[in-house]
Amino acid sequence: MSDFSKTILITGGAGFIGSHVVRLFVNKYPGYRIVNLDALTYAGNLENLVDVQSAPNYIFEKGDITDEARMQQLFDLYGFDGVIHLAAESHVDRSILDPLQFVRTNVLGTVNLLNVARKSWNGKFAGKRFYHVSTDEVYGSLGETGFFTEQTAYDPRSPYSASKASSDHFVMAYFHTYHLPVVMSNCSNNYGSHHFPEKLIPLMINNIKNKKPLPVYGKGENVRDWLWVNDHARAIDVIYHQGKDGEKYNVGGFNEWKNIDLVHLLCTIMDKKLNRQPGESASLITYVTDRPGHDLRYAIDATRLNRELGWTPSLQFEEGLEKTVDWYLANEEWINHVTSGDYKKYYEALYDQR
Ligand code: NAD
Ligand code: DAU
């Protein structure tokens, strides 16, 4: 018997969003034992969690979600009451280079976890919950108008989004077939601290700082709906505790930006912070070959989450972006660690051919 009221498994807790979710749960719920399970791929970094690593209610376990024996061992050891599943391969460009890795982790890994949870809970589902964290990309691409709602049909178009869509379908299948108590959310693009610099915002911040070309895909007219990562973590908290079994909730910032406008805004913010001439950073913008199958626009309708569970984003984008830039400028060591080694090879392979 443990002294904790609940033990929750968070997968992918050493990644970008996962580390914010772990931090929120460890600090907000001292009565919960939080077990962070992560394979520490290129995207997983325990430096993201130095501030909570010694907390009495926090445990890190290294492991791969596709490893059935290891997952079973952890369920047996800790007797999890809940799972918050974030572990995934998460970058669209990498999925175009190596789709099978996305099938392995996102599809097989998720089904493996569902199986182990189902077997371990063995029909005794009271107080149990399996929360699957998904993405708005499963809905496909919008034209100039309209929003993704929870009723929008799935239409994934990249290997990444196809793998996430597949995992979402398995999650719902386990609810309908085995009555596994699942809940799911589909969120728009996150930004904030600890974001791996293969993604648009941290990549641009890093390149602006180092006066490197700013590679904008196509004409830069694609639109994304940006949400501060801490607001996503708050949404996950609310949905984990108050969401209904078998339901999904859209999470988004009602905050659409064309990529090129966003890059210009970042340049303006960073010119000021780095005491550069206005326009100096923007002169680094370089249009490069478009991403194949590049989704034009994502925009989430998060009305349901607001109406039913009272969640609303807490931060204005411009303020969040400044905070994010400040974090990257103050954490040079973090960025140097994650961009050394394999990152260089990935960057050259992807961007030299564009
Ligand atoms: P990330 O790539 O930063 O982190 C993923 C984490 O999963 C890493 O710590 C990695 O080590 C771990 N991982 C990968 N494969 C694993 C495996 N086989 N076993 C155990 N751990 C493994 O990703 P992120 O951006 O933090 O995204 C987290 C989740 O949220 C993903 O499921 C993603 O699809 C979803 N999501 C992301 C966004 C976004 O904007 N980043 C938006 C909506 C949903
Ligand atoms: O919408 C949620 C999704 O957001 C998550 O599910 C994914 O895990 C996450 O990676 C993100 O996917 P995107 O493809 O939207 O994010 P990314 O940061 O890779 O790209 C954002 C936009 O910027 C997209 O239109 C492509 C463009 N882009 C990206 C990079 C890396 C560029 O123009 N240049 C770049 O160098």
Can you give me the ranges of the strands (runs of 3 or more DSSP E) entirely in segment 212-310 with at least 1 residues that are within 11 Å of ligand 2 (Cβ to nearest atom) and closer than 18 Å to Pro197 by Cα? 214-217, 223-228, 285-288
Quickly run through segment 179-199 and pick out the residues that are more than 10 Å from ligand 1 (Cβ to nearest atom) and open to solvent by 10 Å² or more (accessible area, probe 1.4 Å). His179, Ser193
On the basis of being in contact with a His (Cβ under 7 Å, 6 or more places away or on another chain) and buried (at least 18 other Cβ atoms within 10 Å of the Cβ), does Leu86 make the cut? no
Out of curiosity, is Tyr154 within 14 Å of ligand 1 (Cβ to nearest atom) and either of a type outside the set (Gly, Ala, Ser) or open to solvent by 50 Å² or more (accessible area, probe 1.4 Å) (or both)? no
Among the residues of segment 20-40, are any open to solvent by less than 40 Å² (accessible area, probe 1.4 Å) and of a type in the set (Asp, Glu)? yes
Within segment 128-137, does at least one residue satisfy the condition of being of a type in the set (S, T, N, Q), closer than 24 Å to Val21 by Cα and out of contact with any His (no Cβ under 7 Å at 6 or more places or on another chain)? yes
Take the residues in segment 224-242 that are among the aliphatic types (A, V, I, L, M) and open to solvent by less than 20 Å² (accessible area, probe 1.4 Å); name whichever of them is farthest from ligand 1 (Cβ to nearest atom). Ile239
Going through segment 11-46 in order, the residues found to be more than 16 Å from ligand 2 (Cβ to nearest atom) and part of a helix (DSSP H, G or I) are Val22, Arg23, Leu24, Phe25, Val26, Asn27, Lys28, Leu46
Spot the failing condition for Ile208; the list is (1) over 21 Å from Val133 (Cα atoms); (2) more than 12 Å from ligand 2 (Cβ to nearest atom); (3) open to solvent by less than 10 Å² (accessible area, probe 1.4 Å); (4) outside any helix (DSSP H, G or I), and only one is missed. (4)
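The values are calculated or read from the model by the stated rules, or taken from the named source; none is laboratory data. Since we're looking at a predicted model, the values are computed, not measured. Here Cβ is always computed from backbone atoms with ideal geometry, including for glycine, and neighbour counts include all displayed protein chains. Remember, those area values only see protein heavy atoms, side chains included, never the ligands or the DNA or RNA. Shrake-Rupley method; radii C 1.70, N 1.55, O 1.52, S 1.80 Å.
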